[in-house]
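Single-structure report; data block below.
The values are calculated or read from the model by the stated rules, or taken from the named source; none is laboratory data. Here the structure is a predicted model, which means the values were calculated and not measured. Positions of Cβ are backbone-derived with ideal geometry, glycine not excepted, and every protein chain shown enters the neighbour counts. Side chains included, ligands, DNA and RNA excluded: accessible areas come from the protein's heavy atoms. Shrake-Rupley method; radii C 1.70, N 1.55, O 1.52, S 1.80 Å.
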Amino acid sequence: MKESQTTQLLVGLSLTGLVASCFGYVFAETNSVNLWAPSHIVAGENYEGMVILDTGAKYGQTMMLSTNDPTIIKIPESITILPYSNHGLFPIKAIKEGAVTIFAATNGQIIQKSINVYSSSRVPEGLRIILPVNTTKTENMLGYVIAIDSKGSPAPVSKDTKVNLNSTPLIQVDEDSLLIKSGSHLSKFSAKIKGSGKIFANAEGLKIGEHEIAKTQDVVTVKIAVAPNIILEDSKAYFFVWLEKDGKPYKPPYVVHAFLSSNNLDSIRFTARSDVKQHSDSILQISMIDGVGSGHVISGNSGSAVITANVDAFGSTQTSVVVGSVIINKNFQPLESDKEEKLKEIEKRTPNVAFIWLYPTVTDSGGYGVVALYNMNFTKNTSTHADTNSTSVSISSTVNRIIPVPLDGRTISLTSSGDLQHPNMLKLSESKEVLLQRGVGYNHALLFDVVGKSQGEHTVSVSGPGLERYQSRINIVSSYHDLYQLKTTPIPTLPGNTQALVMVSIVDNSGALIDAQKTFAGPVEISAANRSGNEKITIASQNSAIYSGNIVEALPTIFSSATISPVEHIITPNGIAASVSIDAPTKAHITEKIPFAIHEIDSFGVPLRKINFTNISATPGITINGKYLEINNAGTEKIAAISKIGASNINIEAFANNLDFSIIPSGITNRIGKEFELRITSDVKDINVQIESPFPYKKIDDLTYAINPDKEEHLGITFTAFKKGYTPSKNIFSVHAEKIVNIGFKAIGNDGKELNIEKHIEIGNVSKNIVTPYQGEFKSQFLKSQFPPNVVIGNHGYKLNNVVFEDQEFPDGKISNIYLSRDAQIIAKYDRMIKIDVENALGGGFYTYGQVVNLSVPPKDKFSFLVREVFDHWEGIPHHTENVSFIAYDDVRARAILHDDYLFLMTAFGFGISSIMYFKLIWKKGISLRWYMWRFFSILKINNFDKQVFRRSHMKKTTNNSLNSDHEFDFDKN
């Protein structure tokens, strides 16, 4: 199924009302999309709604729109949000009155917004119940049933209309039916609220109205105590009942009645005569003033009893007492009555402790103290513990029996901490009344008053001759105070009719209705003051007073009483503008248009008419442009509409899109003096960038910068990206700029070849072996380096000529502590050594590459000087004369071939013969000697030419390959 078909299906389900059951996630907003439209609009007016994206639409986005009732409002079928925008505005035409829902669908999600369209017509459609409060602590309450139209405004009925009232079981409505008379819109009723529940109103042709009411009561704790709680038989003890709230004394402003009962009249009763059996023996009613009540009980036979106190409207509590001696635990809690036989003469029991009780334990001023005498029986336990060092013995005492003892006339003393008033001395003796009626031995407790002058916890101790010291505590704190206030409840009103306008009630600080007559000991008179005059109304048994009148405009009225602070209420009839209301999206994107709507509304918030022009006040971040708002900066902004009838304001949370970008470096980024580039990339187009750089830079284009670090430091280059509607974003590119030099090591021969030579270098604390050529980056430091003087590479030998570093030369190849401050090349220049190996010739040895080699073959004497060996030809080089010159480009191995030369011998021999012949033949014939010699040497030259031709024809040519390559080089030989 295509996406468009899916969207149409979802919208179709929405229109049929099935979307709530088929799709569980249908909201007015999702995590990424919000749909806004004015919640309350007026028929016949034009409005605008808006779709808000939490994230800008990078490529634009289209959303489908629909409504469940196109007869109520008219909207377009779709809306397009432009690229890099968040808002999409669409028009809304309000056609007629009714409730309608707008749906927007995108990416498989549906969001919706409900709108109520109002008109000026008033036709009763339903019933509404008005009660003064939603929570009550009292029973009696007044209420009204009102006929309302679709807007919730009062609508007069056209004929007498019978209204039936019903309620849940704990609520009793005094009238089962009411009558709303023709031309009126309301009727009054009363009810008794005995518990939480609902009241329902129904009438023919009208929607049912209902109201829920909660019955509560004060969270007040009832406390009871009896002192003494271990009582002598046929004696008297005292009980105390009090109220607490939030840990403080609670003092109702009225008299509270408490009922006390005993579950064992044989042991505890409330009358002095045990022979008289009446109802009052088991139940006693007392009055509690300021939340405290007290009295006494009469003890009978030994045993235990539970005394229960039930306080009107506040609950009940219990306490236990014991008559006679008792066995107790270590916490002084009675375990059981002592079953042993009584001592025959009770007077002989000697008291050894006086107990004291202080009640109420929490009070705001004063209380009561009770002192009683007892005989406590102790059991002493001895335990022995032995170890290697010593033996220890411990003795513990446990009270296991307490016996009440009669007052014996002794005097005891009372002491206390803090500012607490009480008797300092008490004489423990029978009252005159008891002495006259019963004699000695029937009382063992005495009551006295305690008054606190300062707040805090106080301790009272009792002691006397032969008595163990005992103490008790009382806490003086401020009492709990309820705060009461007047509560006004408006009754929907139509202008021009005399009718009930406001219900005035008294509520506590929780907002619950109270029994005014009970709290204030009678009816409460309320004064209603306005420009029409003053009027007295009374809050009586129904706990609300009704203020009536005839108004045609807003009427400010002050309600007050003699005991409660006044309150002001503006009574406004329906259909009359009571205030203004402004509606706008509570969330919006900055720098984009935001629609808003302002209405005059009645006292119930129903819009009466749309206002196009009124006074608008806004925080500085909001710009008002006609019918649109625009917010410049992210944050919470406020806008208010003000008119002569009222004002309204709303908060708008403005947000900006996130602008993310990256910094892409190009080139070496950590070298001083080495320029590199930084380019800004982002998914968002057309961003503006600002740069803050501690290094020199130049702008190549809008998003590219060339940085040239000029100092050695670890610094950051800050880029800030801006775009309208986006939060400015910062990104820092860290540069750890260092002085880095690029050093190259190269070795070249004069034959033009680059040589691979292994050598050792030290740069600062870096030591390493390298092979030329080598290029490395180093911090600016000192360099140590040494090139070898002679190297053999393959079958070629090289000799160091010199090393060149910038403008310096090092003939020995050693560089010591040269500081590297900039990029440089260290070049070692080597001369290739050519070996010229010749035999029978002069000029052999080692030559540098390209050097001129001169070889010569001198004659060698063989037999004296008459026969010599002379050059014949070369083997190994392509030359033909005994004197050879050539340039050394490669190793040469050659041999000069010699032959015997008899020229001098023949010359000497011939000269001798010639001399003989000359003298014998020629000289005698007259031939000159000069001519003869010329002829002789001419013959020798001809003979020598023939020999030269012979040698050339037999000369063998050799090449360089005739040389062996395994020879050693000794460059120092020549």
Scan LYS330, LYS348 and give me the residue that is modelled with pLDDT under 60, under 60 Å from the mean Cα position of the chain (by Cα) and among the charged types (D, E, K, R).
LYS330
Check off (1) at pLDDT 90 or above; (2) within 20 Å of VAL606 (Cα to Cα) for GLU97 and give me the number that stays unchecked.
(1)
So which residues in the stretch 547-591 are closer than 30 Å to TYR726 by Cβ and assigned to a strand (DSSP E or B), if there are any at all?
ILE582, ASP583, LYS587, ALA588, HIS589
Which one of these does VAL766 not meet: (1) within 27 Å of GLU675 (Cα to Cα); (2) β-branched (Val, Ile, Thr); (3) in contact (Cβ under 8 Å) with a residue 24 or more places away in the chain?
(3)
Scan the stretch 815-849 for residues that are assigned to a strand (DSSP E or B), touching a Phe, Trp or Tyr at 6+ places or on another chain (Cβ under 8 Å) and more than 18 Å from ASN750 (Cα to Cα) and report the count.
5
From the list TYR250, TYR238, which residue is closer than 30 Å to MET141 by Cβ and in the same structural domain as THR319 (by the TED database)?
TYR250
Those residues of the stretch 705-733 that are assigned to a loop (DSSP other than H, G, I, E, B) and farther than 23 Å from PHE778 by Cα come to a total of 4
Criterion: at pLDDT below 95, farther than 27 Å from ASP290 by Cβ and open to solvent by 30 Å² or more (accessible area, probe 1.4 Å) - qualifying residue of SER478, SER429, SER417, SER454:
SER429
Considering only the stretch 814-852, state which residues are of a type in the set (A, V, I, L, M) and either more than 60 Å from the chain's Cα centre (by Cα) or crowded, with 21+ Cβ neighbours inside 10 Å (or both).
ILE815, LEU820, ILE826, ILE827, ALA828, MET833, ILE834, ILE836, VAL838, ALA841, LEU842, VAL852
Determine whether GLY197 is open to solvent by 30 Å² or more (accessible area, probe 1.4 Å) and touching a Pro at 6+ places or on another chain (Cβ under 8 Å).
no
Among (1) closer than 30 Å to VAL405 by Cα; (2) out of contact with any strand residue (DSSP E or B) (no Cβ under 6 Å at 6 or more places or on another chain), which single condition is VAL460 missing?
(2)
Flagged in the stretch 31-51 as surrounded by fewer than 23 Cβ atoms within 10 Å (Cβ to Cβ) and assigned to a loop (DSSP other than H, G, I, E, B), in numbering order, are ASN31, SER32, SER39, ALA43, GLY44, GLU45
Among the residues of the stretch 246-253, are any surrounded by 13 or more Cβ atoms within 10 Å (Cβ to Cβ), modelled with pLDDT under 90, under 60 Å from the mean Cα position of the chain (by Cα) and assigned to a loop (DSSP other than H, G, I, E, B)?
yes
Per the filter on the stretch 559-574, residues open to solvent by 30 Å² or more (accessible area, probe 1.4 Å), out of contact with any Pro (no Cβ under 6 Å at 6 or more places or on another chain) and more than 13 Å from PRO490 (Cβ to Cβ) are ALA562, THR563, SER565, PRO566
When the stretch 610-626 is checked residue by residue, the ones that are loosely packed, with under 13 Cβ neighbours inside 10 Å and in contact (Cβ under 8 Å) with a residue 24 or more places away in the chain are ASN615, ASN625
Within the stretch 638-653, is there a residue that is in contact (Cβ under 8 Å) with a residue 60 or more places away in the chain, closer than 30 Å to PHE733 by Cβ and under 33 Å from the mean Cα position of the chain (by Cα)?
no
Before we move on, is GLY725 farther than 23 Å from SER821 by Cβ and not assigned by the TED database to the domain that holds ASP890?
yes
Restrict the check to the stretch 735-751 and report whether at least one residue is in the same structural domain as LEU820 (by the TED database), under 30 Å from ILE827 (Cα atoms), over 32 Å from the mean Cα position of the chain (by Cα) and of a type in the set (Phe, Trp, Tyr).
yes
From the set of residues in the stretch 262-305 that are open to solvent by 40 Å² or more (accessible area, probe 1.4 Å), farther than 20 Å from VAL362 by Cβ and assigned to a strand (DSSP E or B), which is modelled with the lowest pLDDT?
ILE283
One residue is enough: does the stretch 734-753 have a residue meeting the conditions aliphatic (A, V, I, L, M), part of a strand (DSSP E or B) and without any contact (Cβ under 8 Å) to a residue 60 or more places away in the chain?
no
Conditions (1) at pLDDT below 95; (2) open to solvent by less than 30 Å² (accessible area, probe 1.4 Å); (3) of a type outside the set (Phe, Trp, Tyr): number failed by THR67:
(1)
Does the stretch 659-711 hold any residues that are acidic (Asp, Glu), open to solvent by 70 Å² or more (accessible area, probe 1.4 Å) and within 39 Å of the chain's Cα centre (by Cα), and which are they?
ASP660, GLU677, ASP683, ASP686, GLU692, ASP702
Kindly check whether there is at least one residue in the stretch 854-862 that is over 30 Å from GLY797 (Cβ atoms) and at pLDDT 80 or above.
yes
Entirely in the stretch 88-182, the strands (runs of 3 or more DSSP E) that have 1 or more residues that are open to solvent by 60 Å² or more (accessible area, probe 1.4 Å) and closer than 30 Å to ALA313 by Cβ:
161-167, 171-173
